[in-house]
Amino acid sequence: MTESYRAASTPSLHEALYTTRAMRRYRPDPIPLDVQARILDAAIRAPSGGNAQAWRFLIVDDPAAKSRMQELYEESITELMKQGYPQELIDAASEATASNPTPPRAQNTVVAHPTPIRDVPLLLFVFNRGDSTGSSSYPAVWSAMLAARGEGVGSTLTAVLHFRREQVFEALGVPSDQGWIMAACITMGYPIGKWSVARRRPAHEVSFRNKWGQPVGFKVPEPLWRPDSTTT
């Protein structure tokens, strides 16, 4: 096991919830099989509609397969750019305030993965069937990312490969005639950088009560959990 990059201790529930942010820069070290097993074993415990568990997980760590995903990722980003995404970035950046101080550089990491896909230690694809909304698969996706955080493994979810769905299915051998939907691709690796509480607009600025636009009834100007918090 790669002990040098594992978390020194298992984070508490609140620490995991507050610090499991997108990690896009990874060390080249592979993720051991026993760590992968614990991540997926936690993921399949997530709730699913009717307990159907109509999901499939596909781990990709083969260099040739990752190189092909890199090609498709770059093509997908090009397609995304054609659809006006840069303007959305500009609009989001212009709306930044003191309570939402995300700079344009950070916004742009959405379309430029600092660690090339081909160099990411592990890609985790999640597929589902009969779940067009994702309501029965995204709980498993998030559980996988939280479980990874517990192992000291960073992760980032991307859906941009939908632009090259057919090519992804062909490259990974996914049956195209059985109704499978690509729910997500998650990059995983031991991160370069520190776990920290993500900066976000406060809950009271994005929440309402009983009717759209009505105050939620509380204010949370600062995160309720901090590294020195005793909340468990």
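Scan the stretch 12-35 for residues that are more than 16 Å from the chain's Cα centre (by Cα) and either part of a helix (DSSP H, G or I) or surrounded by fewer than 16 Cβ atoms within 10 Å (Cβ to Cβ) (or both) and jot them down. Spell out how you get there, then give the answer.
The initial filter retains those residues of the stretch 12-35 that are more than 16 Å from the chain's Cα centre (by Cα), namely 12-15, 27-35.
Once the filter is applied, which keeps residues that are more than 16 Å from the chain's Cα centre (by Cα) and either part of a helix (DSSP H, G or I) or surrounded by fewer than 16 Cβ atoms within 10 Å (Cβ to Cβ) (or both), the stretch 12-35 yields SER12, LEU13, HIS14, GLU15, ARG27, PRO28, ASP29, PRO30, PRO32, LEU33, ASP34, VAL35.
Restricting the stretch 36-51 to residues that are within 17 Å of the chain's Cα centre (by Cα), at pLDDT 90 or above and not β-branched (Val, Ile, Thr), the residue that is surrounded by the most Cβ atoms within 10 Å (Cβ to Cβ) is ALA43.
Could you list, in sequence order, the residues of the stretch 132-147 that are in contact with a Gly (Cβ under 7 Å, 6 or more places away or on another chain) and surrounded by 17 or more Cβ atoms within 10 Å (Cβ to Cβ)? Full working, then the answer.
Restricting attention to the stretch 132-147, the residues satisfying the condition of being in contact with a Gly (Cβ under 7 Å, 6 or more places away or on another chain) are 135-136.
Hit for the stretch 132-147 is SER136, nothing else.
In the stretch 197-224, the residues that are outside any loop (DSSP other than H, G, I, E, B) reach residues that are surrounded by 12 or more Cβ atoms within 10 Å (Cβ to Cβ) and β-branched (Val, Ile, Thr) with C-beta atoms within less than 8 angstrom, at least six apart or across chains, in these pairs: ALA203/VAL216; ALA203/VAL220; HIS204/VAL216; HIS204/VAL220; ARG209/VAL216.
Residues in the stretch 187-196: is at least one farther than 16 Å from ARG21 by Cα and hydroxyl-bearing (Ser, Thr, Tyr)? Within the stretch 187-196 (the criterion being farther than 16 Å from ARG21 by Cα and hydroxyl-bearing (Ser, Thr, Tyr)), the answer is no, since none of the residues qualifies.
Taking the stretch 140-186 as the range and being touching a residue at least 60 places away in the same chain (Cβ under 8 Å) and among the basic types (Lys, Arg) as the test, the residues that pass are ARG149, ARG164. Among the residues of the stretch 56-67, those identified as out of contact with any Lys or Arg (no Cβ under 8 Å at 6 or more places or on another chain) and over 11 Å from LEU124 (Cα atoms) are ASP62, ALA64, ALA65. Does GLY193 meet the test of being on the phi > 0 side of the Ramachandran plot, surrounded by fewer than 16 Cβ atoms within 10 Å (Cβ to Cβ) and assigned to a loop (DSSP other than H, G, I, E, B)? Yes: the conditions hold for GLY193.
The values are calculated or read from the model by the stated rules, or taken from the named source; none is laboratory data. Computed from a prediction, not measured in an experiment: that's the story for all the values here. For neighbour counting, all protein chains shown are included, and Cβ atoms are generated from backbone atoms with ideal geometry for every residue, glycine included.
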